[in-house]
Amino acid sequence: MERQTALILTEGSTIDDAVALSTALIDELVEELPFGHDPSRTELYAVGRAASLRSKLDLPRGNAGDNPYETINGKLHHIWCRGSWYTPGSCPPAPADNNGASAWKWLHFNLMHVVEAEATCFLWDIYPLARAEAA
């Protein structure tokens, strides 16, 4: 199983509070995942402000053979925003005029645009254990 990635969007917090919230959320997420993970390799990969990140986002478009976890910025397996976790299987449908893009691509794009400009965005990597280690 490949690395999984989680995006956590926090609003209305000081950076210290946002870091604490993000850490608590990722700890809860990894404990609920249906596979063993390597806690020594779960790591914060990137941090940024929503305004800066969304200024680089183009409208979602579909591509032949897109991975179900694909977003404009690469693969995401989990997104947390405003009190809810989302996955490709639990996100709202894409708009009718969706440019052939998946509901997941649209959710990522829309969440990045609805959060406040000063929202802090955390990108976490989660590494599953090899089958032999998970047993």
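Read the figures in this text as sums done on the coordinates, not as results from a lab. Not measured: the values here are computed from a predicted model. Every residue, glycine among them, receives a Cβ derived from its backbone with ideal geometry; neighbour counts consider all protein chains shown.
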In the list (i) 1.27; (ii) 1.07; (iii) 3.01, the entry giving Cα Rg over 2.2 N^0.38 Å computed from the coordinates is (ii)
Per the charge dipole of the chain (beta-carbon charges, Lys/Arg positive, Asp/Glu negative, Cα centre), the residue among Thr87, Leu129, Ala24 reaching farthest to the positive end is Thr87
Calc'd 3J(HN,Hα), the range 62-77, phi into Karplus 6.51 cos²θ - 1.76 cosθ + 1.60 (θ = phi - 60°), Hz, glycine/Pro = x, comes to x, 10, 4, x, 4, 5, x, 8, 5, 10, 4, 9, x, 6, 10, 9
For the range 23-31, Karplus-derived ³J(HN,Hα) couplings (6.51, -1.76, 1.60; θ = phi - 60°; whole Hz; x for glycine and proline) come out as 5, 5, 5, 5, 4, 5, 4, 5, 6
The answer for Ala46, listing residues at least 5 apart or on another chain whose modeled amide H is closer than 5 Å to its amide H, is Leu123
Note to self, the chain gives a 222 nm [θ] from helices alone (DSSP H runs n ≥ 4, -39500 (n - 2.57) apiece, / all residues, nearest 500) of -8500 deg cm²/dmol
Restricting to Cα pairs under 8 Å and 6 or more apart, the percent relative contact order of the chain works out to 48 percent
Given 49-57, 73-81, 100-108, 112-120, the highest-first ranking by average Cβ count within 10 Å works out to 100-108, 73-81, 112-120, 49-57
With +1 at each Lys and Arg Cβ and -1 at each Asp and Glu Cβ, the charge dipole magnitude of the chain around its Cα centre, to the nearest 20 debye, comes out at 480 debye
Spelling it out for Ala101: with amide H atoms placed in the peptide plane at 1.01 Å from N, the residues 5 or more places away or on another chain with amide H under 5 Å from its amide H are Gly62
